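Reading through the structure tokens given below for one structure.
The values are calculated or read from the model by the stated rules, or taken from the named source; none is laboratory data. Note that the coordinates shown come from a computational prediction; the quantities given were computed from them, not determined experimentally. All Cβ positions, even for glycine, are placed from backbone atoms using ideal geometry, and neighbour counts span all protein chains on display. Surface areas here come from the heavy atoms of the whole protein model, side chains and all, with no ligands, DNA or RNA. Shrake-Rupley method; radii C 1.70, N 1.55, O 1.52, S 1.80 Å.
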Amino acid sequence: MSETRILTEADCREIFERVKALARGGGETAISITSWWQGELRWARNRVSLSSDRRDVEISVTRTLERGGRGDVTTNQLDDHSLEAAVRAAERMSKLYHSPGRGFGFEPPQQKYPMPDSAPVWSPATVGASTLERGEVARSMIAPAETAGLYSAGYLEVRAASRMMLNTEVTDPQPGDGEYTQSSYVRWTQAQCSTTVRDASGTGSGWAGLSSYDWDRVHDEAGALAERAVQKCKASRNPVALEPGRYTVILEPQAVADLMEPFVRSFDRLDAEDGSGPWKFTWDDAIGKWRSKLGLKVVDERITISHDPMDPWQSIIMPRFDEPGPVTWIERGVLKNLRYPLSTGLELGRRHSLRGAVGYRISSGDTSMEEMIRSTRRGLLVTRFSNLKLLDEDSLLTTGLTRDGLWLIENGEITKAVKNFRFTESPLFVLNNVEQIGEAVPVFRPTKEEDGELTPAIVPPIKARDFSFTSLIDAV
Amino acid sequence: MMISRRDLVKLGLKAGVGATLLSGVPRWAQAKALGIAPEMPLPITDPWIKELALRAVEAARSAGAMYADVRLTHTRGRGFSPFPTSVGDSERLSVGVRALVDGYWGFAASPIWQPDEMARLGREAVNQAKVMAMGPRRQIDLASVPVVHDEHWTMPVEIDPFEVSPFEVTDFLMGLRHFVKGFSGFKPGDYQPLAHFQVQEKAFASSEGAYYTQRVYRSLGELKIGYEGGARKVGGALDTLTPAGLGWELFTGQAIREQIRQLMEELKEDASLPLKPVEVGRYEVVCDAQTVATLADRTLGTATQLDRALGFEANASGTSYLNAPLEMLGRFEVGSPLLTLTANRSERGGAATVAWDDEGVRPDEFTLVREGTLEDFQTTRESAAWLVDSSTKANREIRSHGCAAAPSAINVPMLHTPNLRVEPGSEALDFDGAVASLEEGIAIRHMGVDMDFQGLNGLGQSSRVYEIKDGKRVAMIQGAGFLFRAPELWKGLVALGGEESVRRYGLGSSKGEPAQSVFHSVSAPPAVFEEFTVIDPKRKA
């Protein structure tokens, strides 16, 4: 393990063999194994404040004895003694929760599914990024801020993780919809870097960040990120207070991605059929379900939201039983697809599940940021949003704050830094009030959990009218 | 024949075996070779664990660390929900070594408790620090601390939750479920009640010669109750099972059924009150103890973290509106003279209670806000030294308040909020009393609070907001929200409940990059605020 820093497929299979051999009393045995390694670097006040190297594993053992309940035990120890303790504990739990009604067997064996194709999710550069290299990048990002008499803070992380699920019912990878599903061994990497630059008096703050599975891409952008954060900090100093109200906004790609979080998470067919969320349409007595808005125009016709697993900027860990190939949730403003589980897929005769917008791209437009600003009589330029909170599941009404750079645009020019606002707005409303769209670019969208999967997003800047800012926030 | 470790102790062989085990061969291989199967896991007080800890510190020292410390944690967790029945156990061993080289911190952590791994982690922590120390100079002074020598502390709990049969726990929770369902119109929330228990054993050693071990418990539960009375649906949550440094007695040691009955009475009243829409404006407001605890935590509890105040969390959850600590200490008015906020990590049952923190410091009880004036910040050994200017002026000793913490040894210790206490008023006053004395205004139960990235501007929301007329709850206000700025909020404090009305809540908080979540307790009485801004949070501009 110390050689590779994460568990290999052979490690996982060997662990499963030992767990199986330790099981007593028949029934089923399933395990899920994850492992991760992270190299991390934090800095603040222009100095590295912590550099770290961490790794961990998690073996989750599930034992289900005949007529027993499910016993789940997790451990991070790989030795026989610990595994045996985990297996015994899981068996005790299973016995305790006697469940006479439960049948035997997990998912019925079904057709073998090949692993869907996708662009790489593993980058040797990410695993290979040395502590020295990380330190150099951090120092190169601090330097422009320190030279300008500003304070830089930031975080840089490289990660490798692996996962494998195995169980006794099915020896080869088989489809299934439950959590007992086997999963082939997968390993992936993630790299992220973000920086916040503030002035000494705390009246200005600028931010920039990027994440990718590939450290090289983050590395290549590091200088630009640092420069952008410094510029934003300088330009955001001494902001003036504006009245809350409705403004035309130019949302930078990161702000669009932040605002779209509740939107992209809402693409769910079963929710819609149950009558919850924004995609329910009308109750249908004939089928005893809600009809969804599939096939209806729901947002501006210039908006397409899709995912192509072969795009190297959108690589995700493809679920084994998922619809291979690209998925389009919204095509030219029309709702085309909503995620569903395999059971729904089988009912629909699709034989696959359909993924949600784990990774996604919003289609580009042809307006540059400069042109958006030039064509704005009065509006606000937003760097990013923070502290988002969904207020209403049906309308996706959300509240949150602007952060790290907000400017007033008057007669085609940026004229003033503006104090932050709380907004109360729905991403659905914004996507129906689009004026202009720019070129989509990769944004900062890392997963926080150490064993979390990749969630890349490629998002354009958007100019929209009548965005609702509800109160002044004088925090910087 | 298997020989257990206990048998070896009887034979007086343990010390010898321990020494042999440190020869670098994996422990289980050794154990196997010797024909013994050590009980797993060893108690944290076992000398073998101390040898592991010292080996890590030694490795860091000989690799060039000016200071190094190590934590080994053994964490067990057990979670329950009675319907559909589910229980999950987890057990994790973690070790993390921290090293300081020329003002730079390095940290290395893994799940492997073996002598070779201790040495590797010690060296790796130094490597991490050294590589960073190639950059510009950075000065770190660690506040001095009395060295703790070989002490052990076990958090006093009445019933160790891991010694209670899981079946008894499920039975108990199922009993509460049936109890709730026994009342017409009432039902427990889906998958509820919940219970979760954790016990964490920790060994700590530092290059200053400190060594301690401690065993800390945390228990928590959740029970939400819904009520349908007439055409109205209302709901509430039991607020007495929030995270606490207690054992199974969190559930069995209090009159839960009595509390449920009381909550049901409240919900019946809620359902009988007419509904009113929000009328935007400023009101005099009575907040229940949980609301006051949440407000204090999310505003001052966040803003008095010294690392946040000085910008160390700027790229993560944010900074603090108390942004000039040295100038503000002893002078800055954060609220009404009625407000005094103290902190500790020693109170019995507190969710952040420990004997020593993650840097070997025995936390003291200290005052963050005294009679409305900012008096102190939360500190660790590193951050305590940042207050040196003002401390010298005030002729104060530079000491850490012992706020270093982490979820486990896999995470680097950082400054986390200790237990907080909003000191009560001098007169006997409780929530109902405060409502009764209010001629016209609003009362709030169980408010949730979202703060900005400086702990300055907040939005509060609750589904249990009441219009008060002549001392009586006359209507429920639907969908009310509250907008406030922390300084104005606390300056508008006009009354605090008495000692009898103080309640304690366990709250979670998340911080850092990568983010860490830990718990602490906040005790507070109900309070009355004037000029509280009421809004409709769903109304757009």
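Applying a threshold of 7 Å to beta carbon distances and a minimum spacing of six or more residues, or different chains, the list of pairs starting in segment A:433-458 at a residue that is free of Cβ contacts under 8 Å to residues at least 60 places away in the same chain and ending at one that is part of a loop (DSSP other than H, G, I, E, B) and surrounded by fewer than 19 Cβ atoms within 10 Å (Cβ to Cβ) reads A:Lys448/B:Ala515.
Looking only at segment A:115-127, residues that are touching a residue at least 40 places away in the same chain (Cβ under 8 Å) and under 17 Å from A:Asp216 (Cβ atoms) come to 8 in all. From the list B:Thr154, B:Thr85, the lone residue that is modelled with pLDDT of 95 or more, farther than 27 Å from A:Arg42 by Cβ and surrounded by fewer than 21 Cβ atoms within 10 Å (Cβ to Cβ) is B:Thr154. Scanning segment A:69-84 for residues that are at the interface with chain B (Cβ under 7 Å from one of its Cβ atoms) and of a type in the set (Gly, Ala, Ser) returns A:Gly69, A:Ser82.
Scanning segment B:159-171 for residues that are over 25 Å from the mean Cα position of the chain (by Cα) and either open to solvent by less than 60 Å² (accessible area, probe 1.4 Å) or of a type in the set (Lys, Arg) (or both) returns B:Ser165, B:Pro166, B:Thr170.
Can you find, within segment B:291-315, the residue that is farthest from the other protein chains (Cβ to nearest Cβ) among those that are within 25 Å of A:Val48 (Cβ to Cβ) and open to solvent by 20 Å² or more (accessible area, probe 1.4 Å)?
Filtering first and then ranking leaves B:Thr302.
The residue pairs whose first member lies in segment B:468-491 and is under 17 Å from A:Asp474 (Cα atoms) and in a strand (DSSP E or B), whose second member is hydroxyl-bearing (Ser, Thr, Tyr) and open to solvent by less than 80 Å² (accessible area, probe 1.4 Å), and whose beta carbons are closer than 7 Å, counting only pairs six or more residues apart or on different chains, are B:Phe482/B:Thr533; B:Leu483/A:Ser471; B:Leu483/B:Thr533; B:Phe484/B:Thr533. Note on segment B:87-125: residues that are facing another protein chain (nearest Cβ under 9 Å) and over 26 Å from the mean Cα position of the chain (by Cα) total 9. Checked against (1) in contact with a helix residue (DSSP H, G or I) (Cβ under 9 Å, 6 or more places away or on another chain); (2) under 14 Å from B:Val494 (Cα atoms); (3) surrounded by fewer than 22 Cβ atoms within 10 Å (Cβ to Cβ), B:Ala428 passes all but condition (2). In segment A:229-267, the qualifying residues are those that are within 23 Å of the chain's Cα centre (by Cα) and polar (S, T, N, Q), and the one that is farthest from A:Arg422 (Cα to Cα) is A:Ser266. Being open to solvent by 50 Å² or more (accessible area, probe 1.4 Å) and either farther than 28 Å from A:Thr64 by Cα or at the interface with chain B (Cβ under 10 Å from one of its Cβ atoms) (or both) is a property that holds for A:Arg45.
Of the numbered criteria (1) closer than 27 Å to A:Leu454 by Cα; (2) open to solvent by 40 Å² or more (accessible area, probe 1.4 Å); (3) in contact with a Lys or Arg (Cβ under 9 Å, 6 or more places away or on another chain), the one A:Lys389 fails is (3). Please determine whether any residue of segment B:144-158 is within 27 Å of the chain's Cα centre (by Cα) and at positive phi. Checked segment B:144-158: at least one residue is within 27 Å of the chain's Cα centre (by Cα) and at positive phi.
Only one of the listed residues (A:Arg339, A:Arg355, A:Arg350, A:Arg291) is more than 18 Å from A:Gly277 (Cα to Cα) and either away from chain B (no Cβ under 14 Å) or touching a residue at least 12 places away in the same chain (Cβ under 8 Å) (or both). That residue is A:Arg350.
Every test in (1) part of a loop (DSSP other than H, G, I, E, B); (2) open to solvent by 40 Å² or more (accessible area, probe 1.4 Å) is passed by B:Tyr283 save one, and that test is (1).
Taken over segment B:197-219, the criterion of being open to solvent by 30 Å² or more (accessible area, probe 1.4 Å) and either of a type in the set (S, T, N, Q) or touching a Phe, Trp or Tyr at 6+ places or on another chain (Cβ under 8 Å) (or both) is satisfied by B:Gln198, B:Ser207, B:Glu208, B:Arg215, B:Arg218. Scanning segment B:492-534 for residues that are open to solvent by 10 Å² or more (accessible area, probe 1.4 Å), assigned to a strand (DSSP E or B), within 14 Å of another protein chain (Cβ to nearest Cβ) and out of contact with any Ser or Thr (no Cβ under 8 Å at 6 or more places or on another chain) yields one hit, B:Thr533. Applying the set (1) open to solvent by 10 Å² or more (accessible area, probe 1.4 Å); (2) of a type outside the set (Val, Ile, Thr); (3) touching a residue at least 12 places away in the same chain (Cβ under 8 Å); (4) touching a Pro at 6+ places or on another chain (Cβ under 9 Å) to A:Ser468 leaves exactly one unmet item: (1). For residues that are assigned to a strand (DSSP E or B) and closer than 22 Å to A:Arg377 by Cβ, scanning just segment A:441-472, find the one that is nearest to the chain's Cα centre (by Cα). It comes out as A:Ile462. The residues on offer are A:Ser343, A:Ser364, and the sole one that is out of contact with any Ser or Thr (no Cβ under 8 Å at 6 or more places or on another chain) and at pLDDT 95 or above is A:Ser364. Within segment A:133-150, residues that are surrounded by fewer than 17 Cβ atoms within 10 Å (Cβ to Cβ) reach partners that are at pLDDT below 95 with beta carbons closer than 8 Å, at six or more positions or on different chains, in the pairs A:Gly149/A:Ala200.
Scanning segment B:134-151 for residues that are more than 14 Å from chain A (Cβ to nearest Cβ) and open to solvent by less than 40 Å² (accessible area, probe 1.4 Å) yields a total of 3. Take A:Thr74 and decide whether it is under 33 Å from the mean Cα position of the chain (by Cα) and open to solvent by 10 Å² or more (accessible area, probe 1.4 Å). For A:Thr74, the condition - under 33 Å from the mean Cα position of the chain (by Cα) and open to solvent by 10 Å² or more (accessible area, probe 1.4 Å) - is met. Give all pairs with beta carbons closer than 7 Å in which a residue from segment A:253-276 that is part of a strand (DSSP E or B) meets a residue that is at pLDDT 95 or above; count only pairs at least 6 apart in sequence or on separate chains. That search, which allows pairs on different chains as well, returns A:Asp268/A:Gly277; A:Asp268/A:Leu338; A:Asp268/A:Arg339; A:Asp268/A:Gly356.
Tell me the residue from A:Thr398, A:Thr383, A:Thr402, A:Thr424 that is in a strand (DSSP E or B) and in contact with a Pro (Cβ under 6 Å, 6 or more places away or on another chain), please.
Testing whether each residue is in a strand (DSSP E or B) and in contact with a Pro (Cβ under 6 Å, 6 or more places away or on another chain) leaves just A:Thr398.
Taken over segment B:450-472, the criterion of being away from chain A (no Cβ under 11 Å), within 29 Å of B:Thr304 (Cα to Cα) and open to solvent by 10 Å² or more (accessible area, probe 1.4 Å) is satisfied by B:Ser462 alone. Restricting the search to segment A:96-147, which residues are at pLDDT below 85 and either aromatic (Phe, Trp, Tyr) or not assigned by TED's automatic domain parsing to the domain that holds A:Arg159 (or both)? Result: A:Tyr97, A:Phe104, A:Phe106, A:Tyr113. On inspection, A:Ser60 does not qualify as polar (S, T, N, Q), within 31 Å of the chain's Cα centre (by Cα) and closer than 18 Å to A:Arg134 by Cα.
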